[in-house]
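No lab work stands behind these numbers, since they all come straight from the coordinates. As the structure is a prediction and not an experimental result, all values here were calculated from the model. Here the Cβ is made from the backbone with ideal geometry for all residues, glycine too, and neighbour counts use every protein chain on show.
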Amino acid sequence: MKALVLEAKFKAVINENFPMPEIGDNEVLVKIKAVGVCGTDFKLYRGEYGDGYPLIPGHEFAGVIEKVGNKVPGITTGEKVTAVPPVPCGHCSYCIEGQHNHCINRMAIGVLNDGAFAEYVKVPVTNIVSINELSFAKATFVEPLACVIRAVERSKVKLGEKVLVLGTGTTGQLFAQVFRSMGCEVYMLGRNAIKLKVAEQEGVNILSSKEKSEADIIKVNIERIDILVDAIGQPQLTEKFMPVLRKGGRLVVFGVSQGTLHLNYFDIYRKELQIIGSFAQQEKFSQAIMLLKNNVVNVDALISHQGSLEDVKELFDKGKPADLIKFIAFI
Ligand SMILES: [Zn+2]
Ligand SMILES: [Zn+2]
């Protein structure tokens, strides 16, 4: 089969003859129709994440069931599906407690195991989710949206709260739309005018750090934020906005960074600040599908680029254009 393979750091190759995945008794073979490019895919390409090479990346995908293992009940070929990427072991202490995203023996399709930048991917039946009438392109957003839903729920948001989202990428946009749908006043900070405009069209108040310094933005545009979301992975930027969190405010750490966040210890104590990390998810796919199906979030506007596997290779090699929100490859 044809696949986009990471053979080493900074080495993405189109292989026309990659061996077809062989499915076990409890697995299915999915013929890929659409797959989204995620920040994690770039990290895998740059060798900043993952378990080594070779690897076919791609964990935000949708397709059609091509083949079903011998011991798989209730699924038939031709069904339109997506899949939950993490594959928990089911028997470690975290799995026993139902905290599957913390599984210590966790595998992950497209991150630690071969993924969906290919014609086919194999998936354990436990991870298959039907997309029914959703389009393949929309269904590629189920995974990132599911992760965002988990973070939003962990923030314990209340109707009418004020939220500031740092970052204009796919997750920043999804956070802004989900918080809007929950009756919040949402602000988004970013530098790219095109990406900010996309959020503005969804009723988000936009703040351009290209036009004004962060200090001016804080002085003029915002005060007393209930929830601050780092959807970009920039601790230093987050530090600048911590003083606008009101007493009892929450910081949601979602963006990925190995950096350090410097906070005043007294502020955390006196203002009763909460710092809430949120990593992946295992159980939020059906909620994400409901939000997409009912157009609670509008992902059409987030597909800024699309193309083929060859175009994804070029995207890896050349780097992200500034106006990229989501690239969808159609296979
Ligand atoms: Zn992703
Ligand atoms: Zn486990």
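Quick notes on this structure:
- Note on the chain: antiparallel DSSP beta bridges, both residues inside, total approximately 55 percent of the bridges counted.
- Extending 7 Å from Cα along the Cβ direction at LYS247 and again at ASN101 yields two label points whose distance is 3.1 nm.
- C-alpha center-to-center spacing [the stretch 312-331, the stretch 95-141] in angstrom: 21
- R0 of 30 Å, Cβ-Cβ distance TYR269-ASP317: FRET efficiency to nearest 0.05: 0.05
- For the stretch 218-331: relative contact order, % (alpha-carbon pairs under 8 angstrom, 6 or more apart): 19
- Extension gain for the segment LYS2 to SER286, taken as residue separation times 0.36 nm less the Cα-Cα distance, is 99.2 nm to one decimal.
- Helical mean residue ellipticity (222 nm; -39500 (n - 2.57) per DSSP H run of 4+; nearest 500) of the chain: -7000 deg cm²/dmol
- Pairs beyond 27 Å (Cα-Cα), from LYS11/LYS71; LYS212/LYS284; LYS33/LYS318: LYS11/LYS71; LYS212/LYS284
- Cα-only Debye scattering, the stretch 146-277: base-10 log of I(q)/I(0) at q = 0.13, 0.14, 0.16, 0.19 Å⁻¹: -0.47, -0.55, -0.73, -1.07
- Here's the list of aspartates and glutamates a cross-link from LYS138 could span, going by alpha-carbon distance under 14 Å and ignoring same-chain residues fewer than 8 apart: GLU60, ASP300.
- Segments 271-282, 118-129 sorted - mean Cβ within 10 Å per residue, highest first: 118-129, 271-282
- Computed on the stretch 236-293, with alpha-carbon pairs under 8 angstrom and 6+ residues apart, the relative contact order is 39 percent.
- The separation of the stretch 25-86 from the stretch 200-245, counted between C-alpha centres, amounts to 35 Å.
- Between LEU261 and ASN15, the FRET efficiency estimated from the beta carbon spacing at R0 = 45 angstrom works out to 0.65.
- Phi angles across the stretch 47-63 convert, under the Karplus curve 6.51 cos²θ - 1.76 cosθ + 1.60 with θ = phi - 60°, into 3J(HN,Hα) values of x, 8, 7, x, 10, x, 10, x, 8, 8, x, x, 10, 10, 9, 9, x Hz, Gly and Pro given as x.
- Of the cross-linked pairs LYS219/LYS247; LYS197/LYS271; LYS2/LYS31, those separated by over 22 Å at the C-alpha level are LYS197/LYS271.
- J(HN,Hα) series, the stretch 106-113, from Karplus relation 6.51 cos²θ - 1.76 cosθ + 1.60, nearest Hz, glycine and proline x: 5, 10, 8, 5, x, 10, 10, 10
- As a rough footprinting exposure proxy, the listed residues LEU261, LEU251, LEU4 were ranked by other beta carbons within 10 Å of their own, and the order from fewest upward is LEU261, LEU251, LEU4.
- Cα centre as origin, Lys/Arg/Asp/Glu Cβ charges: the chain dipole, Debye: 800
- Whole-Å semi-axes of the ellipsoid equivalent to the chain (Cα gyration tensor, √5λ, descending): 35, 21, 19
- Overall form of the stretch 1-156 per C-alpha gyration tensor (a/c, 1.5; a/b vs b/c): rounded
- Among ARG150, ARG180, a tally of other beta-carbon atoms within 10 Å of each Cβ gives an order, fewest to most, of ARG180, ARG150.
- The stretch 93-224: C-alpha gyration tensor shape, a/c 1.5 cut-off, then a/b vs b/c: prolate
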